[in-house]
Amino acid sequence: MKVLVYSTHGFEREFLSKANQNKHELTFLQDKLSENTVDLSKDFDAIALFSSDNANEIIIQQLKQNGVKYISLRSVGYDHVDIQKAKNCNIKVANVPAYSPNAIAEHAVALLMSLNRKIIEGQKLMSKHDYRLDNLIGFDLHKKTVGIIGTGKIGAAFSRIMKGFGCNLVAYDIYENTSLINEIGITYTTLQNLCNQSDVVAVFCPLTPQTKYLFNKKTFDWFKSNAIFINVARGGVVNTRDMLDALNNHKFAKAGLDVYENEKPIFFKQHDKKPDDLLFDELKNHPNVLITGHQAFLTQDALTQIAQTTINNLNQWEKLGESENEILTIQQTL
Ligand code: NAD
């Protein structure tokens, strides 16, 4: 198949080429799919998209006119593709339903440990030849309470790691994960109860109409003043303004984030000048915030799995006309 890979990043090219084994004719493009770049897809059988691409109704129509028959997504999420329109245009769409939940869970632990044990402050002091320890005190995680919102694949992986640290685990989810209850004795409770008692609050639920701004002024008021908040799920789950106000008012202690509600125009690229986003400036420069640029998934293991599934979806379409990962029902996400 002739495949146009939109939004190719340096970090994934090698993994995609390796998984492809010269089977498909891959053309790598750094540009995003947009109304300006959709015409480049002429004469390609398939396109491969990243989560920052935009396959809206108009673009899908143009893809059809260009002869594109398949869209292989290099992501779990498919909120950036108009699935109904693709169906109407007979364009098949498949995603990567799962890849190393441990990659994301372990990054959440890295943020938590860096914040709690002041790793970055320690290194900054060292670079100034300051070896005093007075401002570097953390707390043992052992026997502390960790609250987990969303006990799906990533939340469960994080819970198991925290169990290994000797933490008490409480959870909030719309569905209880019974195997996790049996395995590590996690206790489900209300969101308010969880926030009231947790020393660490960590979010792993998807962004849906129900979880949009789940963390806001009211929820941050429930936090313990020493609590560390971790969000590696989606930026829109948190009202950033309310979170910064809560931090400034000492409603909780620190935030470790891998996502930001307005990250799309900022993350995954180098900017010639500082992005024009005052809220992001405040977030990034806050002394009690540690933020990474949506890199929680970035391990060799996860990138290998993403590339293999992306190529395997193309293989199955070529061989069988259908792929096991085709998106057939539309789940509402934002
Ligand atoms: P999953 O579907 O396995 O688990 C999600 C869990 O959230 C489920 O148990 C579900 O019941 C729960 N949930 C749904 N709505 C809820 C609500 N209103 N309140 C409480 N819980 C709710 O998903 P996953 O693979 O564990 O991924 C979780 C999220 O992590 C994804 O949706 C995605 O947004 C994010 N993610 C981030 C990265 C990254 O690099 N930062 C990478 C992959 C995924």
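Figures for the structure shown
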quantity: Filter result for ASN262 (in contact with an Asp or Glu (Cβ under 7 Å, 6 or more places away or on another chain), farther than 18 Å from ALA110 by Cβ and within 16 Å of the ligand (Cβ to nearest atom)); calculated: yes
quantity: Members of segment 180-205 found to be within 12 Å of the ligand (Cβ to nearest atom) and either open to solvent by 70 Å² or more (accessible area, probe 1.4 Å) or under 19 Å from ALA233 (Cα atoms) (or both), listed by number; calculated: THR190, LEU191, LEU194, ALA202, VAL203, PHE204, CYS205
quantity: Residue within segment 148-156 that is more than 16 Å from the ligand (Cβ to nearest atom), in contact with a helix residue (DSSP H, G or I) (Cβ under 9 Å, 6 or more places away or on another chain) and assigned to a helix (DSSP H, G or I) present; calculated: no
quantity: Any chance LEU278 is more than 21 Å from LEU207 (Cα to Cα) and not hydroxyl-bearing (Ser, Thr, Tyr); calculated: yes
quantity: Selection count, segment 80-113, where residues are within 16 Å of the ligand (Cβ to nearest atom), surrounded by 15 or more Cβ atoms within 10 Å (Cβ to Cβ) and not hydrophobic (A, V, I, L, M, F, W, C); calculated: 8
quantity: Residue check, ARG132 over 29 Å from GLU12 (Cα atoms) and either more than 25 Å from the chain's Cα centre (by Cα) or within 16 Å of the ligand (Cβ to nearest atom) (or both); calculated: yes
quantity: Residue list for segment 206-232, filter: surrounded by 15 or more Cβ atoms within 10 Å (Cβ to Cβ), at pLDDT 95 or above and near the ligand (Cβ under 10 Å from one of its atoms); calculated: THR211, LYS212, LEU214, ASN231, VAL232
quantity: Matching residues, segment 153-172, being closer than 21 Å to SER100 by Cα and either modelled with pLDDT under 95 or open to solvent by 40 Å² or more (accessible area, probe 1.4 Å) (or both); calculated: LYS153, ILE154, ARG160, ILE161, LYS163, GLY164, PHE165
quantity: Subset of segment 115-144 (residues that are crowded, with 17+ Cβ neighbours inside 10 Å and of a type in the set (S, T, N, Q)); calculated: ASN116
quantity: Whichever residue in segment 116-129 is in a helix (DSSP H, G or I) and under 26 Å from the mean Cα position of the chain (by Cα) and, among such residues, is nearest to ASP199 (Cα to Cα); calculated: ASN116
quantity: The lone exception for LEU247 - which of (1) surrounded by 13 or more Cβ atoms within 10 Å (Cβ to Cβ); (2) within 30 Å of GLY138 (Cβ to Cβ); (3) within 14 Å of the ligand (Cβ to nearest atom) it fails; calculated: (3)
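The values are calculated or read from the model by the stated rules, or taken from the named source; none is laboratory data. On a predicted model such as this, the values are computed, not experimentally measured, just so you know. Here Cβ is always computed from backbone atoms with ideal geometry, including for glycine, and neighbour counts include all displayed protein chains. Surface accessibility is based on the protein's heavy atoms, side chains included, excluding ligands, DNA and RNA. Shrake-Rupley method; radii C 1.70, N 1.55, O 1.52, S 1.80 Å.
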